[in-house]
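The values are calculated or read from the model by the stated rules, or taken from the named source; none is laboratory data. Given the structure is predicted, the values throughout are model-derived calculations rather than measurements. So basically every Cβ, Gly included, is an ideal-geometry build from the backbone, and we count neighbours across all protein chains shown.
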Amino acid sequence: MTPSPGTGATRRTVLAGAAALGAAATLPLTLTPGIAHAAAGEAGALRVRWHTLLTGGPGLDLTDGRIAAAVARTGRAATTAAKGLDPSRTDGLFADLTSTTLSNHVTTSFKRLATIATAWAIPGTPQHGDTAVRDLLLAGVDWMLTNRYGPGHTRFDNDWDWEIGSALALNDACVLLYDVLGTERLERVTAAVRHYTPDPNLWRADRQIATGANRVWVSTVVAVNAVLRDDGDALARVRDALSDVEGSGANSVLAFNDRADGTAGTGEGFYSDGSFLQHYKHPYNGGYGKELLNSLSRLLNLLAGTDWTVTDPDLDNVRGWVLDGFDPLLARGDVMASVCGREIARPSKQGHVSAQTVIEAVLRLIPSFPGGTGEGFTALVKQWMSEDTYRDFLTVTDPASLVAALRIIESPIPARGPLVAHRQHPRMDKAAHHRPSFALGISAYSSRIYNYESIQNENLHGWHLSDGMVLLYTDDLGHYSEDYWPTVDPMRLPGTTVVAGRPADAAGQRTTSTADWAGGTALPGTTLGAYGMELRAYGHTLRGLKSWFCLDDVIACVGSGVGADAGTVETVVENRKLRDPSATLLIDGSAAPVGTDWSARLTEVRWLHLEGTGGYVFPEPVDLRGLREERTATWREINLKYGTDTPVTRPYLTLWQDHGTAPDGAGYFWLQAPAASAARTRQLSSAPPVRPVSRSTAVHAVRRSADGLLAANFWTAGTAQELTCDGPASVLVRPEGRTLTVALSDPTQLRSSVVLDLDRPGLEVATADPGVRAARTGRGLRITADTAGLHGATLTLTLKRS
């Protein structure tokens with residue numbers, strides 16, 4: 001394998017600290033850069049690397065019960081995958097995968113072969129080294145090449161299956177079977193893969209530019225195929241494709257899309273605030289984002305220490321992906337559903353499966369980032385693994401990842417500890433609020449972001465996933481697992497304001513709002529945040545202004561201007577899948593019936609408490625509707641492609657405010673106290689810790705009694721007590737001793753500046769972010785903040801008493 005100098009040397013410089021080269025230290029074989037190795041030896045070394053990533057390597061300690069269990073799981077998975085495998089069939093290699101119109105049947109066939117091949121290659125499995133299994137695998141590969149996959153066949157359905165899904169699985173199977181493939185079969189395999197995926201920069205039948213996760217997937221296909229073919233030039237193109245050398249970096253997957261030099265990326269991939277977008281405007285950290293991280297971590301391991309090492313300085317951005325793009329969006333092993341796209345409608349992706357992929361990827365990255373970052377990742381992974389008591393990572397991961405995880409566990413570096421933070425992702429209209437006893441995710445959309453994705457007949461009922469959905473994560477770690485998404489009422493997702501009625505499947509998917517206002521302000525170093533959205537419902541005249549003021553353990557929920565020309569409008573206070581079907585609901589201290597057929601109109605409610613979930617306080621008594629029911633559905637109802645037809649039943653409790661038919665100017669206000677006890681909820685009702693200041697169509701504002709904190713979302717120019725704003729903005733004003741901190745943003749992401757008049761005397765500037773300044777005006781200060789180009793990011797100013 002002759003080293004290739006590649007192209008675009010001006011774009012690649014060595015990372016400070018040689019981060020990329022650090023991976024070589026823990027790989028089974030390393031290559032010294034700059035030395036021409038014998039072709040066979042070098043290609044063989046790289047095959048061993050990939051083989052080790054798939055199997056854990058030849059040195060698995062089977063006397064360790066945890067490793068022995070992982071090997072046993074691999075064997076059982078192979079036994080399941082081999083059921084129905086029959087190369088003598090003419091209609092399909094597997095009896096249940098015979099379609100010639102559904103391309104996922106091709107991918108799944110190859111995945112099953114790869115699963116069996118993995119077990120065949122790992123010592124300790126029933127399949128290991130078995131000649132009958134070997135012959136069956138080789139016959140299976142031949143059948144697929146003869147009947148389904150390669151230059152002589154016409155592709156159908158989804159390009160992803162032909163160019164990525166099938167190719168990845170076939171590559172893996174052939175690395176595992178390399179020594180028994182034979183020259184002719186190997187040539188057929190590599191030619192078939194190159195027929196569909198010849199270029200790491202392009203994909204689809206019409207050769208479009210590959211972006212985001214698709215570019216990394218395609219690059220991985222080309223890289224492993226290059227190793228199998230002993231092609232150094234192709235590996236150089238893979239290295240360069242990650243940085244998009246051919247396109248002068250425009251499609252780089254390593255660079256943030258909002259680059260410091262002001263150049264624009266593709267719009268797909270990671271942003272500096274941790275947002276990840278794929279398919280142009282869909283938030284997808286927990287879908288395509290995790291797959292990008294997963295595939296990249298494998299590629300970095302494959303290429304580290306070779307002439308094809310990735311040395312792009314933008315590789316250092318990966319630390320930001322992990323810390324800002326994944327950590328805030330994980331809640332004790334569950335990736336927040338608001339950033340998982342259509343994957344929430346796949347039964348195989350529930351139960352914290354997505355978080356497993358993230359953990360495995362970061363485990364592979366740790367050797368690539370030595371020093372402080374590596375130690376930070378180690379502490380982070382330890383925390384992620386330890387806090388998920390619903391799904392034990394060590395009992396579900398593959399042998400290679402388990403070996404890495406056990407090494408991390410034995411490290412003296414302590415776990416990071418639970419995340420306590422309020423984070424916002426203005427580039428994708430999402431917010432995450434983490435406290436010691438709960439986490440909460442808010443999902444909005446705007447003129448910049450799509451509402452939901454439903455393609456390939458998946459996620460058919462995602463209509464309201466971004467209409468102000470609020471997902472609460474408590475110690476019920478399995479709440480959004482165990483068939484939540486097919487059984488929850490999709491017309492009453494918690495936090496949303498909706499028009500009653502059922503749209504057609506996939507109605508309105510891939511739609512932006514006509515409203516610009518979505519976002520908020522987060523006070524750095526605290527769990528204080530203001531968030532909001534202007535709701536303009538798809539396909540309806542429904543309008544409304546919605547705010548969530550996240551003030552440590554209390555969230556103030558505010559709505560105004562709710563109206564529609566027709567239809568019954570509802571705002572959903574809660575819709576909870578019940579861990580305990582008989583969980584007590586207290587209504588002003590009295591227990592509601594626990595039967596599964598209970599429904600009621602609740603009048604003049606002051607507070608509610610749902611056992612195992614928390615409390616809800618209504619400082620102004622309100623009429624609500626309550627419903628306790630068992631809901632039955634199938635996964636097929638929300639996913640025709642991957643769903644199953646087995647009915648599942650789950651118990652739910654739903655609480656909502658009915659605004660009536662064709663309301664005009666309706667609103668709501670309540671305080672949510674997640675994880676609060678009944679006694680605490682009663683206490684909050686007696687002395688509400690947060691009171692409303694304004695609930696108009698100009699401004700939502702609340703004040704916290706304990707310290708006088710003022711939080712406001714200005715929809716237009718307006719005044720909230722001592723605070724006046726010249727237009728749309730989100731603002732927090734926090735007194736603390738002799739200082740006053742002001743945090744603000746432009747959630748429309750359209751304004752060049754925000755001007756605030758603060759009517760408080762005797763203050764002068766202590767510190768200010770760049771672009772923020774203050775001048776005296778009468779009794780107070782006029783604060784001017786330059787918000788152009790900040791894309792909704794928060795600016796802060798600290799004032800002190802003079």
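Residue under question is residue 213, and the condition is that it be without any contact (Cβ under 8 Å) to a residue 24 or more places away in the chain and buried (at least 20 other Cβ atoms within 10 Å of the Cβ); does it hold?
no
State yes or no: is residue 289 more than 17 Å from residue 377 (Cα to Cα) and either touching a residue at least 24 places away in the same chain (Cβ under 8 Å) or over 22 Å from the mean Cα position of the chain (by Cα) (or both)?
On the way: more than 17 Å from residue 377 (Cα to Cα): yes; either touching a residue at least 24 places away in the same chain (Cβ under 8 Å) or over 22 Å from the mean Cα position of the chain (by Cα) (or both): yes.
For residue 289, the condition - more than 17 Å from residue 377 (Cα to Cα) and either touching a residue at least 24 places away in the same chain (Cβ under 8 Å) or over 22 Å from the mean Cα position of the chain (by Cα) (or both) - is met.
Looking only at residues that are under 21 Å from residue 530 (Cα atoms), of a type in the set (Gly, Ala, Ser) and out of contact with any Leu (no Cβ under 6 Å at 6 or more places or on another chain) in the stretch 729-770, which one is surrounded by the fewest Cβ atoms within 10 Å (Cβ to Cβ)?
Filtering the stretch 729-770 for residues that are under 21 Å from residue 530 (Cα atoms), of a type in the set (Gly, Ala, Ser) and out of contact with any Leu (no Cβ under 6 Å at 6 or more places or on another chain), the one surrounded by the fewest Cβ atoms within 10 Å (Cβ to Cβ) comes out as 752.
Taking the residues in the stretch 338-358 that are surrounded by 24 or more Cβ atoms within 10 Å (Cβ to Cβ) and hydrophobic (A, V, I, L, M, F, W, C) as candidates, determine which candidate is farthest from residue 644 (Cα to Cα).
358
With the checklist (1) in contact with an Asp or Glu (Cβ under 7 Å, 6 or more places away or on another chain); (2) assigned to a helix (DSSP H, G or I); (3) under 30 Å from residue 447 (Cα atoms) in hand, flag the one item residue 380 doesn't pass.
With (1) in contact with an Asp or Glu (Cβ under 7 Å, 6 or more places away or on another chain); (2) assigned to a helix (DSSP H, G or I); (3) under 30 Å from residue 447 (Cα atoms) applied to residue 380, the lone miss is (3).
What strands (runs of 3 or more DSSP E) lie completely within the stretch 654-761 and have 2 or more residues being within 35 Å of the chain's Cα centre (by Cα) and on the phi < 0 side of the Ramachandran plot? Spell out the reasoning first.
Values: elements: 666-674, 690-695, 699-704, 710-714, 718-720, 723-725, 729-736, 739-745, 753-758.
Where strands (runs of 3 or more DSSP E) fall fully within the stretch 654-761 and carry at least 2 residues being within 35 Å of the chain's Cα centre (by Cα) and on the phi < 0 side of the Ramachandran plot, they are 666-674, 690-695, 699-704, 710-714, 729-736, 739-745, 753-758.
Which is loosely packed, with under 13 Cβ neighbours inside 10 Å and either at negative phi or at pLDDT 50 or above (or both), of 52, 13, 100, 7?
Details: 52 fails: loosely packed, with under 13 Cβ neighbours inside 10 Å; 100 fails: loosely packed, with under 13 Cβ neighbours inside 10 Å; 7 fails: loosely packed, with under 13 Cβ neighbours inside 10 Å.
Result of the check over 52, 13, 100, 7: 13.
When the residues of the stretch 413-428 are narrowed to those that are part of a loop (DSSP other than H, G, I, E, B) and under 17 Å from residue 523 (Cα atoms), which ends up nearest to the chain's Cα centre (by Cα)?
So the first thing to find is which residues in the stretch 413-428 are part of a loop (DSSP other than H, G, I, E, B), and the list is 413-420, 426-428.
With under 17 Å from residue 523 (Cα atoms) added as a condition, the list becomes 419-420, 426.
Working: 419: 16, 420: 19, 426: 14 Å.
Taking the candidates together, the pick is 426.
Any idea which of 361, 431, 439 is surrounded by 20 or more Cβ atoms within 10 Å (Cβ to Cβ), within 20 Å of the chain's Cα centre (by Cα), at pLDDT 95 or above and in a helix (DSSP H, G or I)? Please lay out each step first, then the result.
Working: 431 fails: in a helix (DSSP H, G or I); 439 fails: in a helix (DSSP H, G or I).
One residue alone meets the criteria, 361.
Being more than 24 Å from residue 527 (Cα to Cα), in contact with a Ser or Thr (Cβ under 8 Å, 6 or more places away or on another chain) and in a strand (DSSP E or B) narrows it down to one residue among 796, 784; which is it? Steps first, answer last, please.
Working: 796 fails: more than 24 Å from residue 527 (Cα to Cα).
It is 784.
For the stretch 68-110, what are the residues that are under 16 Å from residue 145 (Cβ atoms), free of Cβ contacts under 8 Å to residues at least 60 places away in the same chain, assigned to a helix (DSSP H, G or I) and in contact with a helix residue (DSSP H, G or I) (Cβ under 7 Å, 6 or more places away or on another chain)?
Within the stretch 68-110, 109 is the sole residue that qualifies.
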